[in-house]
Amino acid sequence: MDAKINNQQAGIGMSDPSVAEFDTSKLLKNATEQAKNRNYQDLFICDVDSHHYESEHLPEILEYMDDPVLQHFGLSSGQIGRSGLIPQILGSQDMAGRVTRYPGRRNEKVPAKPHRDITLTRRWMDGMGIDVACLFPTPMLSLSTHPQPEVEVALAWAYNRWLCERILAEDPRICSMLYLPVNEPAQAVRMIEHFSGKKGVVGFLSTSNQKRPIHDNENLKIFAALQAHDMPLGFHAIYNWSDPALAQLNRFIGVHALGFTFGNMIHLTNWLMNGMPERFPKLKTVWIESGLAWIPFMMQRLDNEYMMRTSEAPLLKRKPSDYMREMYFSSQPMEMVDNRDALEVTFRMINAETQLLYSSDYPHWDMDLPSTIYDLPFLSDAAKRNILGESARKLFRLEPVLSDWKLEARAAKSASKRAV
């Protein structure tokens, strides 16, 4: 009955076998064949941006919430997106149910142990040839827009505790940059001090939508704490149709195209022009889920403005693009258009061989398989290895844990060589 209701809510009838009998391994059958045909067993692949739906585990998460009033408020509806804890975002990511990963995930059958999210994450990782995945929330990416700061802080603490204890501690192949309530700097610093060093915590995450400029003096204590703990800071893009700059758009395709770059463009500009790379030279930044096409534009535009008005950015000792080439960028959604020459120039401009990190954004509708990197003809084998996993391994200080099928494939290959 519950499955029927879920499907009806998603606008899909029970007769749709892709939803009623949903199975991640079957869904990614072609991706698995692709991984084996390209010999991914010889590569370490790290996905620096993937997602789960924490909303499906609200009762578990709220067990970790200290505020009993907010806890009761969250449990009263049973759905995180409708509980008042997280603002709703307009848009149709699932394309009215046509992207079956969205409605289907609720019905997928898993064993009692390990945790459901571990099983589902392992299934898509194995299906795509991923060894280690950096896992992020989904509805909570809009949490920073909540008008009540105490709600953002309380839910961030609860989610991070739950994630560390129930997921990251149980599987070495899953890591995360924990959600950071940047709107409340004192709480953000407490969070950095508390969670740094815990198993699977490889950094901390800000979202694009913030109530204050990223360079605000109140935030400096956050960056100092991150630098002291050698924890990278990620900026995960998210659109917000209610943003005044995007509210003029009348199609979701426009909001998605511009929204995911606009927020990071604003933060990156403020980050550079206010001299953050010079003030916190050891703090590494990762710009996530904005694609790549915007980066050359920003390099050229900011360099041009800076050279005409250097007095307005007195802390900078180099051109903005020089600092940008030392930042890290995630690959998804990589603009795979007809002009491959433009992509090659982009890779060269951003020092992709050392600074670009592969990401899938699974299970979202615009996800990218590892082949988006592996199949690029202008990349050397070394560049492919770095982008697909080695650069992330160094940045996050990861143990190169391999999936079971890769270990088996390597063992079989070694046995075959010994036999010869």
Worksheet, complete the sentence: A careful count of residues in the stretch 171-205 that are in a loop (DSSP other than H, G, I, E, B) and either out of contact with any Pro (no Cβ under 9 Å at 6 or more places or on another chain) or more than 12 Å from ASN160 (Cβ to Cβ) (or both) gives 11
Worksheet entry | Selection within the stretch 29-50 - of a type outside the set (Lys, Arg), surrounded by fewer than 23 Cβ atoms within 10 Å (Cβ to Cβ) and not in a helix (DSSP H, G or I) | ASN39, LEU43, PHE44
Fill in: Tally of residues being farther than 27 Å from LEU75 by Cβ and either of a type outside the set (D, E, K, R) or without any contact (Cβ under 8 Å) to a residue 40 or more places away in the chain (or both) across the stretch 45-59
4
Item to complete: Go through the stretch 395-411 and give me each residue that's more than 17 Å from PRO172 (Cβ to Cβ) and either surrounded by 13 or more Cβ atoms within 10 Å (Cβ to Cβ) or in contact with a helix residue (DSSP H, G or I) (Cβ under 9 Å, 6 or more places away or on another chain) (or both).
Response: LEU395, GLU408, ALA409, ARG410
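Taken together, the values in this text are just the output of simple stated rules run on the coordinates, not laboratory data. No experiment lies behind these values; they were computed from the predicted model shown. Note: ideal-geometry Cβ built from the backbone for every residue, glycine included; neighbour counts use all protein chains shown.
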